[in-house]
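*Asks:* Sharing a structure with you now.
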Amino acid sequence: MSKLQIISDKNKKSLKIKILLIKRIEAVQFKQNNLVIVIGGDGFMLETLKKNKNSKKKFYGINSGNYGFLMNKFSSKNIIKNLAKAKMISISPLEMTVKNKNNQTKKSIAINEISILRQSRQAASLSIKHGSKQIIKKLVSDGVLVSTPAGSTAYNLSVHGPILSLNSNKLSIAPISPFRPRRWKGKIVNDKSKITIINLNPTKRPISAVADNFEVRNAKSILVKTNNKIKFNLLYDKNRSLQKKIKIEQLRKEII
């Protein structure tokens, strides 16, 4: 069994929290096996999870970034109690398999979303299938986004995609600035679906495929599916669970 680990981003705020945290943990001799405390923002957490995708560890995030949707708020006074009582949720990432214009295949995982984006000033021309069913024959847009429930309040929400409950077993497919058909709002599909996105004009209208922050340029076809073999175990404070944060965003959207 691996011991408790503390890793942090390199900015001043993260390092300051790390020093305070080590002191608090040493003072009470807090121990918990297979626990990784991650200090940083959402981007640092995503990076850390991907590096540990084959581990069975539990990850407790402490926010030192801006929004910190995947993270917990740091409380010097209550941190030990929060760590001891934190509730676990398990999430699986999306996996994209991309074939580029040279017929090379590249794979990557995404915890939040997979974005298909135009690569030039020309709009993308895409065909999207869900299994063997055609979702849309031809979408002319700046791109399209496939989002997990955990990522549905991030980029997906910015492009007016739906917010998905964590236990919904759904994925969101949302267009980015659709030009034709202009009124297409996207689709919610089962998370067991295999989504295929084809570039209808790779020569004139090149696209890139991005899994969170990993980019493959000049993509011809992209297969997106949930990788259930990978489970990320995230820990949240009792009153600040990921489910609760998503519900708050859903209410905000309804009020607006």
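None of the figures in this text is laboratory data; all of them are computed from the coordinates on show. Small disclaimer: the values here were computed from a predicted structure and weren't measured. Every residue, glycine among them, receives a Cβ derived from its backbone with ideal geometry; neighbour counts consider all protein chains shown.
*Asks:* Could you give me the ³J(HN,Hα) list for segment 195-202, computed from phi with Karplus coefficients 6.51, -1.76, 1.60 and θ = phi - 60°, whole Hz, x at Gly and Pro?
*Replies:* Once rounded to whole Hz, the list reads 9, 10, 10, 10, 7, 6, 9, x.
*Asks:* In whole Hz and in residue order, list the ³J(HN,Hα) couplings for segment 67-73 that follow from phi through the Karplus curve 6.51 cos²θ - 1.76 cosθ + 1.60, θ = phi - 60°; x for Gly and Pro.
*Replies:* Residue by residue, segment 67-73 yields 8, x, 5, 8, 10, 10, 7 Hz.
*Asks:* What is the gain in length, in nm to one decimal, between Lys10 and Glu215 on full extension, counting 0.36 nm per residue of separation less the C-alpha to C-alpha distance?
*Replies:* 71.4 nm
*Asks:* While we're here: Find the relative contact order for segment 94-226 and round it to a whole percent, using C-alpha pairs within less than 8 Å whose residues are 6+ positions apart.
*Replies:* 34
*Asks:* Round to a whole angstrom and tell me the spacing of the C-alpha centers of segment 21-44 and segment 94-124.
*Replies:* 35
*Asks:* Enumerate the amide H contacts of Ile6 below 5 Å, restricted to partners 5 or more residues apart or on another chain; note that Pro and chain-start residues carry no placed amide H.
*Replies:* Those lying under 5 Å, H to H, from Ile6 are Ile37.
*Asks:* Once Lys and Arg get +1 and Asp and Glu get -1 on their Cβ, which of Ser221, Ile207, Gly43 lies farthest toward the positive end of the dipole of the chain?
*Replies:* Toward the positive end, the furthest listed residue is Ser221.
*Asks:* Radius of gyration and Dmax for the chain's Cα atoms, expressed in Å?
*Replies:* Reported Rg and Dmax, both Å: 19.7, 63.
*Asks:* Express in nm, to one decimal, how much length is gained between Leu251 and Lys56 on full extension, taking 0.36 nm for each residue of separation and deducting their alpha carbon distance.
*Replies:* 66.8 nm
*Asks:* From the backbone phi of segment 105-110, what are the Karplus-calculated ³J(HN,Hα) couplings (6.51 cos²θ - 1.76 cosθ + 1.60, θ = phi - 60°) in whole Hz, Gly and Pro given as x?
*Replies:* Once θ is set to phi - 60°, the couplings for segment 105-110 become 10, 10, 10, 7, 10, 9 Hz.
*Asks:* Just for the chain, what percent of DSSP beta bridges are antiparallel, to the closest 5?
*Replies:* That works out to approximately 80 percent antiparallel.
*Asks:* Taking only C-alpha pairs under 8 Å that are 6+ residues apart, what is the relative contact order of the chain in percent?
*Replies:* Relative contact order of the chain: 22 percent.
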